[in-house]
1. Take 122, 59 and order them by how many other Cβ atoms sit within 10 Å, fewest up front.
2. Kindly provide the Kirkwood hydrodynamic radius of the range 49-138 in Å, to one decimal, from all pairs of distinct alpha carbon atoms.
3. How high is the relative contact order of the range 49-138, in percent, counting Cα pairs under 8 Å that sit 6 or more residues apart?
Amino acid sequence: MSKKKEELTFITTTVFALGLFINWLGKQLTKLTKYFPFSLIPDSWYLHYYNRDIAHASDTLIFASFKTNVYFHITSVEKDDNYIFIEGNFYEKYSNKQVNNYLKFIENKYLKGNVSLRKNEDNSIFIFNKEVVNSKLRN
């Protein structure tokens with residue numbers, strides 16, 4: 001191999017490895033922010049340890065989107081003592097059957113009845129039971 005091809009291969013491999021490392025670090029960040037020096041990251045950030053239940057619930061919605069080809073755009077997230085509310089819009093006008101398949105996929109991830117969907121004219125709200133999400137995080 002010529003020197004240029006070797007250099008290009010090295011750069012490509014390095015960029016690919018860096019991408020894999022950043023992907024891994026992003027998944028681990030909710031665990032790392034529990035400990036010092038990572039705990040200094042502001043707790044309002046999405047990937048902070050205090051928001052791990054929100055991150056897990058919204059990641060479930062995103063994962064279900066890829067599996068069912070029903071895409072949900074998250075606009076806001078709130079939580080209280082018992083529930084996590086994820087508000088957003090479906091990208092397209094999906095049929096009720098497609099939305100029901102999307103909801104069934106999410107319910108299979110959690111126990112049936114612990115996830116509900118409320119539709120308005122403007123947006124849709126997914127409601128997750130916080131205790132069930134936290135129990136899934138412990139497993």
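1. Details: 122 7, 59 12.
Listing 122, 59 from fewest to most nearby Cβ atoms yields 122, 59.
2. Working: mean 1/r = 0.0763 Å⁻¹.
Computed over Cα pairs of the range 49-138, the Kirkwood hydrodynamic radius comes out at 13.1 Å.
3. On the way: 125 pairs, mean separation 26.8, N = 90.
Computed value for the range 49-138: 30 percent relative contact order.
Every read-out reported here was derived from the displayed coordinates using simple, explicitly stated rules and does not represent laboratory data. Quick caveat: nothing in here was measured; it's all calculated off a predicted structure. In this analysis, Cβ positions are derived from the backbone assuming ideal geometry, glycine residues included, and neighbour counts consider all displayed protein chains.
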